[in-house]
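For reference, the structure is listed below as structure tokens.
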Amino acid sequence: MSIADNIHRINAELAGTAARLCVVTKTHPVEKLEEAYAAGARCFGENRPQEMAAKQPQLPADVEWHLIGQLQTNKVKLLAPFVHTIQSIDSAKLLREINKHVAANNRIVNGLLQFHIAREETKSGLSLAEAEEILASEEYGQYQNVRLTGVMGVATFTHDEAQLRQEFQQLRGYFSHLKTTYFADDDAFQDISMGMSGDYPLAVSEGSTLVRVGSAIFGSRG
Ligand SMILES: *Cc1c(COP(=O)(O)O)cnc(C)c1O
């Protein structure tokens with residue numbers, strides 16, 4: 001199956017659901033991103049700021065670049081001029097840096113709060129209490145250049161469907177709570193980014209609105 005075939009197949013699977021596709025292009029050369037673009041993909045996810053910044057000028061301007069990996073505050077500057085969404089906001093400090101650097105570029109970027117939902121301790125993300133502390137802070141209320149558009153999570157690497165469902169339900173529960181408590185009047189807060197190549201059908205059945213799929217499109221990263 002070609003890259004285009006895979007994208008068309010996944011888009012067909014997502015048709016009629018609440019979810020859209022973000023193509024995870026990390027590690028792949030620009031020619032493959034061009035193939036994905038030609039097949040209609042516009043959301044590209046990368047996990048390394050330098051790699052994303054190097055690829056961005058080589059692709060058409062209507063690509064939505066999503067940062068999906070852990071972001072160090074000293075790398076925010078690289079992305080601020082063009083990034084569309086930072087899916088991996090996991091601290092108050094990072095949110096502050098994003099707002100600052102994006103403001104310096106006279107832009108607004110979208111951001112997702114990343115939650116820790118997996119069993120693995122190594123996976124990063126906020127707890128619900130940490131997220132609420134950020135959202136209730138005076139400082140957050142003053143940010144003009146970062147717009148929170150939802151939540152993101154990475155589930156445990158497992159084939160245990162019950163476990164995966166429980167983690168996806170947990171993230172959806174966090175989203176619902178935050179939506180009701182902090183974003184009831186804000187239509188922009190709408191995304192639940194969950195589901196990867198191995199588990200996106202389950203994630204979609206549990207309410208994902210944004211799936212991040214790489215290897216099911218490009219093959220394994222080797
Ligand atoms: C790499 C990555 C993906 C895509 O993984 P695949 O299994 O290749 O689909 C999704 N989300 C995050 C956060 C990733 O780092």
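The values are calculated or read from the model by the stated rules, or taken from the named source; none is laboratory data. Please read all numbers here as calculations on a predicted model, not as lab measurements. Methodologically, a virtual Cβ is constructed for each residue, glycine included, from the backbone with ideal geometry; neighbour enumeration extends over all protein chains shown.
Of the listed requirements (1) of a type in the set (Gly, Ala, Ser); (2) away from the ligand (no atom under 16 Å from the Cβ); (3) at negative phi; (4) not in a helix (DSSP H, G or I), residue 111 misses just one: (2). Residue 207 meets the conditions (1) at positive phi; (2) within 13 Å of the ligand (Cβ to nearest atom); (3) over 14 Å from the mean Cα position of the chain (by Cα) in every case but one. The failed one is (2). Part of a helix (DSSP H, G or I) and of a type outside the set (Val, Ile, Thr) - does that describe any residue in region 181-191? Looking for residues that are part of a helix (DSSP H, G or I) and of a type outside the set (Val, Ile, Thr), one finds at least one in region 181-191, hence yes. Residues of region 81-108 that are away from the ligand (no atom under 16 Å from the Cβ), part of a helix (DSSP H, G or I), without any contact (Cβ under 8 Å) to a residue 40 or more places away in the chain and among the aliphatic types (A, V, I, L, M): 104 alone. Considering region 48-80, and only residues there that are more than 16 Å from the ligand (Cβ to nearest atom) and small (Gly, Ala, Ser), the residue that is nearest to residue 31 (Cα to Cα) turns out to be 54.
If I filter region 42-57 for residues that are among the aromatic types (Phe, Trp, Tyr) and not in a helix (DSSP H, G or I), do I get at least one hit? Yes, there is a match, as at least one residue in region 42-57 is among the aromatic types (Phe, Trp, Tyr) and not in a helix (DSSP H, G or I). The single condition among (1) assigned to a strand (DSSP E or B); (2) surrounded by fewer than 22 Cβ atoms within 10 Å (Cβ to Cβ) that residue 211 does not satisfy is (2).
Filtered by the rule that a residue be closer than 17 Å to residue 173 by Cβ and of a type in the set (Asp, Glu), region 111-159 gives 130, 132.
Identify, from the list 181, 158, the residue that is farther than 16 Å from residue 87 by Cα, within 16 Å of the ligand (Cβ to nearest atom) and either of a type in the set (Ser, Thr, Tyr) or in contact with a Pro (Cβ under 8 Å, 6 or more places away or on another chain) (or both).
Of 181, 158, the one residue that is farther than 16 Å from residue 87 by Cα, within 16 Å of the ligand (Cβ to nearest atom) and either of a type in the set (Ser, Thr, Tyr) or in contact with a Pro (Cβ under 8 Å, 6 or more places away or on another chain) (or both) is 158.
I'm trying to understand the selection: among the residues of region 19-40, which are in a loop (DSSP other than H, G, I, E, B), away from the ligand (no atom under 13 Å from the Cβ) and surrounded by 14 or more Cβ atoms within 10 Å (Cβ to Cβ)? Selection gives 19, 39. Look at (1) at pLDDT 95 or above; (2) basic (Lys, Arg); (3) closer than 24 Å to residue 212 by Cα and you find that residue 107 fails only one, number (3). Note on region 69-80: residues that are part of a loop (DSSP other than H, G, I, E, B) and in contact with a Pro (Cβ under 6 Å, 6 or more places away or on another chain) amount to 0.
For region 131-167, taking the residues that are closer than 23 Å to residue 100 by Cβ and among the β-branched types (Val, Ile, Thr), the one that is surrounded by the fewest Cβ atoms within 10 Å (Cβ to Cβ) is identified as 134.
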